[in-house]
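Some notes on the structure that comes next.
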Amino acid sequence: MRAIVRHCSTDRDYAGLTQFYIKHTRDFDRSYSLQDGLFHILTTLNDFQFITYHDAQEHLIGFVQYRTEEEKGTVFVDAAILEEKYRSTSVFYYGLQDLIKCILENNKEVKSMYFFAAADNPYVNRLYRKFARLVDVTQRRGRTENVYAADLQGLLHDLRFY
């Protein structure tokens, strides 16, 4: 299945995203309370881009939160959540392709991508290690996070996406 991809741009888009994020806050960080989730989403809305993924019935099934540093040719994927029933499907694979397409449409100079993962989340770390290399361990938001990096062209090649 290939999800329908949209950039968040309207108040309605952001309201749906926020509702989805609150519902899935623990998927992002198992130690997050409702207040932690609300604080995170509200403090990042202005500084990040959001891409949402929808199923054929238009239900929101996931999102990616990212920011670019054009002068460095870098994009940082700060958060990504996909509903559990879609995680071991082609939705992730195609969703990553679609994310790269969306980023390159607006930021052709991007050469590398960085992904942040809570160090205590084995699923996300195992997933990111499949296509990116661990480059750093950092403390953010009161937790330890692993930072993964991938060369964009290499990632495109690995995804067989041209």
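For region 1-133, with every protein chain kept in place, what is the accessible area per residue (1.4 Å probe, Å²)?
54 Å²
I'd like the Karplus ³J(HN,Hα) series for region 97-109: coefficients 6.51, -1.76, 1.60, θ = phi - 60°, whole numbers in Hz, and an x wherever there's a Gly or Pro.
4, 5, 4, 4, 4, 4, 5, 5, 4, 9, 9, 5, 7
Count the lysine pairs in the chain that are 8 or more places apart or on different chains: how many have C-alpha atoms under 18 angstrom apart?
Lysine pairs meeting the criterion: 4.
Rounded, prolate or oblate, given the Cα gyration tensor of the chain, with a/c below 1.5 counting as rounded?
Rounded.
Quantify how much of the Cα-Cα distance distribution of region 21-111 extends past 14 Å, in percent. Could you put the intermediate results ahead of the total?
Values: 2774 of 4095 pairs.
Pairs farther apart than 14 Å: 68 percent.
To the nearest 500 deg cm²/dmol, what mean residue ellipticity at 222 nm is calculated for the chain from DSSP H runs of n ≥ 4 alone, each contributing -39,500 (n - 2.57), summed and divided by the residues?
Working: 6 runs with 60 residues, N = 162.
So the helix-based figure for the chain works out to -11000 deg cm²/dmol.
Sorting check: for 83-90, 106-113, which peptide has the highest mean count of neighbouring beta carbons within 10 Å, and how do the rest follow?
The packing order, highest mean first, is 106-113, 83-90.
Can you give me the distance in nm between label points at HIS54 and HIS157, each placed 7 Å from the Cα along the Cα-to-Cβ direction?
3.7 nm
Residues in region 68-101 near a label at VAL135, defined as backbone nitrogen under 20 Å from the 7 Å Cα→Cβ point?
The answer is 68-80, 96-97, 99-101.
Would you work out what percent of the accessible area of the chain, with all protein chains in place, is carbon or sulfur (probe 1.4 Å)?
On the way: 4510 of 8900 Å².
Accessible surface attributable to carbon and sulfur in the chain totals 51 percent.
Ranked from highest to lowest mean number of other Cβ atoms within 10 Å per residue, what is the order of the peptides 91-98, 139-146, 126-133?
Details: 91-98: 18.5, 139-146: 13.5, 126-133: 15.0.
Top of the packing list down: 91-98, 126-133, 139-146.
May I ask for the distance between the Cα centers of region 105-155 and region 1-38, given as a whole number of Å?
What the calculation gives is 19 Å, centre to centre.
Under the definition of Cα pairs under 8 Å and six or more residues apart, what whole-number percent is the relative contact order of the chain?
18 percent
The values are calculated or read from the model by the stated rules, or taken from the named source; none is laboratory data. All of these numbers come straight from a predicted model, not from anything done at the bench. Neighbour counts run over all protein chains shown; Cβ positions are idealised from the backbone, glycine included. Remember, those area values only see protein heavy atoms, side chains included, never the ligands or the DNA or RNA. Shrake-Rupley method; radii C 1.70, N 1.55, O 1.52, S 1.80 Å.
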